[in-house]
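In what follows, a structure is listed as structure tokens, so that the remarks can point back to it.
Bear in mind that the values in this text are calculations on the coordinates, not laboratory data. This one's a predicted model, so the numbers in the text were calculated from it and none came from an experiment. Don't worry about glycine lacking a Cβ; one is built from the backbone with ideal geometry, like all the others, and counts go over all protein chains shown.
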Amino acid sequence: MHDAGDWLREEKSYVCAINEVYECVTVTGCSRVSLEDANVAGIMVLDVEKKQLRSAPLGGEPRADDIEGLIATDKAILIYGTGKRESDRTVSAIISLETGKLTAGISTLDSSISLLGNCSARP
């Protein structure tokens, strides 16, 4: 096992699996939804070197989105930006370099989507 700093320096990309998705809206609160309902791919590849997030939703076309901001600390990789396909959307995520745990959020004018998952170094 690498320490967090070595893992970050040595690895150029990570495969992330989304395990849970929640949608939150005003008044009714939050509820668990499917990947399809949230229009989110279950598997994503984070390319740290190219600052890109690649995914292929079930039944959808593969796509790659540029990451506007990517910050690495000793303990985490932080990602943030605005959605490219929708103008009124923000995206943020954090990946633990110690455990591989991923937490992410997508915010729109109407709702917020919370994503929970795990990432590992891409072989």
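Stretched out fully, how many nm does the piece from Lys75 to Arg89 gain, at 0.36 nm a residue minus the Cα gap?
2.4 nm
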ask   = Long-range amide H contacts for Glu68: which residues qualify at under 5 Å (H placed 1.01 Å from N, peptide plane, sequence gap of 5 or more or a different chain)?
value = Tyr80, Thr82
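Around Glu20, under 12 Å between beta carbons, what's the net of Lys plus Arg minus Asp minus Glu among the other residues?
Once positives and negatives cancel, what remains is +1.
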ask   = Which of the aspartates and glutamates could be linked to Lys12 by a straight reach, that is with a Cα gap under 13 Å, when you skip same-chain ones fewer than 8 residues away?
value = Asp47, Glu49
Local electrostatic count at Leu115 - Lys and Arg +1, Asp and Glu -1, tallied over other residues with Cβ under 15 Å = -2
